[in-house]
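Before any comments, here is the structure.
The values are calculated or read from the model by the stated rules, or taken from the named source; none is laboratory data. As the structure is a prediction and not an experimental result, all values here were calculated from the model. Glycine also receives a Cβ, built like all others from the backbone with ideal geometry; neighbour counts cover every protein chain displayed. Calculation scope for accessible area: heavy atoms of the full protein, side chains included, ligands and nucleic acids excluded. Shrake-Rupley method; radii C 1.70, N 1.55, O 1.52, S 1.80 Å.
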Amino acid sequence: MKKFLEEFKAFALRGNVVDMAVGVLIGGAFSGIVTSLTENIISPILGAAGSTDLSQFVLQIGNIELRYGAFLSSIINFVILALILFCMIRTVNKLAQRHKKPAAPTAPTTKLCPYCCSEIPVAATKCAHCASELPQE
């Protein structure tokens, strides 16, 4: 049981898990803001054509009440949230690329044989393809 708890602690305290948990909490709070924006500002503006709030649109079929206005509000919520998250992630990725150091150029590991133009290791003294003696550099 002790080993299990140690493994769980190592898993739960890894950087990625903690970052993800913070992201979920902030996302939940942000979702509330976007929901409020949609329900209190955007839906009434869109519903102005019908002089009513978009979330008030209901279709009555017998005893069933289909609240398609609320569904449309949820779709608008999703689109706004996805757009904002896309813009945020795009900005973070651009900032990360800006501060990323370029990879150091590596020394070549192969060269071309001057006789047969085959690719051979840099340290080779004889070409494996044409058996030519290579000039020393």
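Quick notes
- The trypsin sites (Lys or Arg not before Pro) of the stretch 83-134 that DSSP puts in a loop, and whose beta carbon has at most 14 other beta carbons within 10 Å, are LYS100.
- For the chain, the solvent-accessible area of protein heavy atoms averages 82 Å² per residue (probe radius 1.4 Å; ligands and nucleic acids excluded).
- Fluctuation leader among ALA82, ALA70, ALA107 - the chain, Gaussian network, Cα springs under 10 angstrom: ALA107
- Positive-end residue of MET20, PHE30, PHE71, charge dipole of the stretch 7-137 with Cβ unit charges: MET20
- At a Cβ-Cβ separation cutoff of 4.7 angstrom, cysteine residues of the chain with no neighbouring cysteine are CYS87, CYS117.
- In the chain, one over the average inverse separation of all distinct C-alpha pairs is 22.1 Å, which is the Kirkwood hydrodynamic radius.
- Accessible carbon and sulfur surface of the chain relative to its total accessible area, %, 1.4 Å: 66
- Rolling a 1.4 Å probe over the protein heavy atoms leaves ILE84 with an accessible area of roughly 60 Å².
- Report summary: the helix-based calculation at 222 nm, which adds -39500 (n - 2.57) for every DSSP H run with n ≥ 4 and divides by the residues of the chain, gives -17000 deg cm²/dmol.
- Net lengthening on full extension, VAL122/LEU37 (0.36 nm per residue, minus Cα-Cα): 24.2 nm
- Note on exposure: VAL58, VAL34, VAL17, VAL24 ranked by accessible area (1.4 Å probe, complete protein assembly) read VAL24, VAL58, VAL17, VAL34, with the most exposed listed first.
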